[in-house]
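**Q** This is the structure I want to talk about, given as structure tokens.
The values are calculated or read from the model by the stated rules, or taken from the named source; none is laboratory data. This is a predicted model, so every value here is computed, not measured. Heads up, the Cβs are rebuilt from the backbone with ideal geometry, glycines too, and the neighbour counts pull from every protein chain shown. Side chains included, ligands, DNA and RNA excluded: accessible areas come from the protein's heavy atoms. Shrake-Rupley method; radii C 1.70, N 1.55, O 1.52, S 1.80 Å.
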Amino acid sequence: MKKRNKLKILNDPIYGFITLPNALVFDLIEHKYFQRLRRITQMGMSYMVYPGAHHTRFHHAIGSMHLMQQAVRVLRFKGVEISTEEESAVLIAILLHDIGHGPFSHAMEHSIVNEVSHEDISLLFMQAINKEFGGKLDLAIEVFKGEYKREFLHQLISSQLDMDRLDYLKRDSFYTGVAEGNVNSERLITMLNVVDDFLVVEEKGIYSVEKFLLSRRLMYWQVYLHKTSLVAENLLINTLKRAKYLVENGHQLPAGTVLNFFLTNKIYASSFTGEVLNEFSKLDDYDIISAIKEWISYDDKVLSELSRMLINRDLLKIKLASTPFSEEIINNYNKDLQEKYKITEEEASYFVFGGSVSNQAYNTQKQNIKLVFKNQKIEDIAAASDQYNIEALSKKVTKYFICRPKVLD
């Protein structure tokens with residue numbers, strides 16, 4: 001039998017050719033749990049605003065691994081000792097860091113599973129694969145959880161300047177066409193170093209870090225928290241919540257077997273068993289879209305209308321403000337809708353609701369981005385920068401929104 005070549009080369013639209021480093025990484029990419037990421041949209045409902053934003057979590061995971069390969073190469077060149085085992089572990093950890101995302105990325109976490117984050121599910125997937133691979137992911141899981149003795153390896157995966165952020169900003173910028181997010185990931189990686197097993201940026205990289213933080217802030221307001229994306233995502237969440245409510249009250253909705261499993265069962269972190277994980281691994285964007293198309297003709301007017309709005313992109317109207325909307329305003333819109341369509345207060349609440357979104361490009365309460373100077377002095381980026389905007393980027397900005405049907409205007 002001919003031996004299969006596992007050292008493949010992939011062609012990525014952002015970085016060009018990406019070489020898979022070893023046979024284990026190839027086998028992980030081939031695994032059905034990872035292949036599911038081809039069917040999970042990276043940016044949720046953002047394609048309703050930016051038509052090009054149809055790239056997937058699969059793209060992002062491969063890209064993040066490529067940047068991690070570059071980071072390891074740079075750090076080794078600067079004399080940082082990274083063993084073959086540590087390199088393999090950090091590459092596997094970043095490759096699988098998003099494997100637990102559900103359909104449309106974040107919508108599942110707020111609708112048909114309860115209090116289960118994608119990070120928790122990613123870890124469950126990694127542990128399941130590790131069992132299947134005879135413990136070959138032991139070190140990768142230790143690094144992923146932040147329990148390994150060398151802290152900088154975890155920082156490369158999850159920190160305020162990690163390979164995850166460097167890839168998604170550049171990639172999302174490319175696919176949306178929003179140039180403000182196009183960070184110079186190569187320059188930033190070239191400026192990385194390690195002091196006492198802590199990841200630092202060399203002082204000459206300060207302006208690249210400033211640009212990175214500014215790009216992150218702009219991408220959040222312009223893309224991730226775009227008001228139309230907010231409306232669409234909240235509509236999707238409400239559609240799934242309504243579907244779950246109907247199923248719990250005896251309705252038999254047209255839905256695929258896998259989606260039906262999550263509609264009929266209450267899933268919490270404590271009940272996320274191997275069976276649930278296996279079912280979750282079969283669930284993707286296609287299950288949700290197929291069901292919503294069917295629900296347009298279902299005889300529940302709330303579910304039918306929510307589904308129609310999503311499929312036809314006939315969305316709710318949204319208004320943003322810097323202060324919260326009063327309960328009185330929301331209640332008045334709710335009452336108007338009740339009277340207009342002879343529906344209950346609970347039914348109207350699927351179409352009239354408020355909420356808030358926050359943007360903080362740099363969180364000084366988290367593990368900070370440190371600069372190292374030629375005299376080996378280490379300082380936080382916010383203190384070292386001569387730009388007032390870093391201080392501004394550290395402030396959490398919250399915006400409030402209210403959604404309502406256009407017919408109420």
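**Q** Report whether or not Asn359 is out of contact with any Phe, Trp or Tyr (no Cβ under 6 Å at 6 or more places or on another chain) and modelled with pLDDT under 95.
**A** Answer is no for this residue.
**Q** Next up: Quickly run through the range 260-274 and pick out the residues that are without any contact (Cβ under 8 Å) to a residue 60 or more places away in the chain and within 18 Å of Glu294 (Cα to Cα).
**A** Asn260, Phe261, Thr264
**Q** If Ile189 satisfies all but one of (1) under 30 Å from Trp221 (Cα atoms); (2) out of contact with any Asp or Glu (no Cβ under 9 Å at 6 or more places or on another chain); (3) in a loop (DSSP other than H, G, I, E, B); (4) not polar (S, T, N, Q), what's the number of the condition it fails?
**A** Ile189 satisfies every listed condition except (3).
**Q** Just for the range 221-256: of the residues that are surrounded by fewer than 18 Cβ atoms within 10 Å (Cβ to Cβ) and among the hydroxyl-bearing types (Ser, Thr, Tyr), which one is nearest to the chain's Cα centre (by Cα)?
**A** Thr228
**Q** Additional query: Return yes or no: is Tyr245 touching a residue at least 60 places away in the same chain (Cβ under 8 Å) and among the aromatic types (Phe, Trp, Tyr)?
**A** Answer is no for this residue.
**Q** Out of Val80, Val90, report the one residue that is part of a helix (DSSP H, G or I) and either more than 15 Å from the chain's Cα centre (by Cα) or of a type in the set (A, V, I, L, M) (or both).
**A** Val90
**Q** Applying the selection to the range 36-70, what residues are open to solvent by 40 Å² or more (accessible area, probe 1.4 Å) and free of Cβ contacts under 8 Å to residues at least 24 places away in the same chain?
**A** Arg38, Tyr47, Pro51
**Q** Of the residues that make up the range 13-24, is at least one surrounded by fewer than 16 Cβ atoms within 10 Å (Cβ to Cβ) and in contact with a strand residue (DSSP E or B) (Cβ under 7 Å, 6 or more places away or on another chain)?
**A** Yes, that holds for at least one residue.
**Q** Of the residues Leu310, Leu306, Leu337, only one is touching a residue at least 12 places away in the same chain (Cβ under 8 Å), touching a Pro at 6+ places or on another chain (Cβ under 8 Å), assigned to a helix (DSSP H, G or I) and open to solvent by less than 50 Å² (accessible area, probe 1.4 Å); which?
**A** Of the residues listed, the single one that is touching a residue at least 12 places away in the same chain (Cβ under 8 Å), touching a Pro at 6+ places or on another chain (Cβ under 8 Å), assigned to a helix (DSSP H, G or I) and open to solvent by less than 50 Å² (accessible area, probe 1.4 Å) is Leu337.
**Q** Can you tell me which of Leu218, Leu259, Leu263 is within 25 Å of the chain's Cα centre (by Cα) and either under 29 Å from Tyr362 (Cα atoms) or assigned to a strand (DSSP E or B) (or both)?
**A** Result: Leu218 is the single residue among Leu218, Leu259, Leu263 that is within 25 Å of the chain's Cα centre (by Cα) and either under 29 Å from Tyr362 (Cα atoms) or assigned to a strand (DSSP E or B) (or both).
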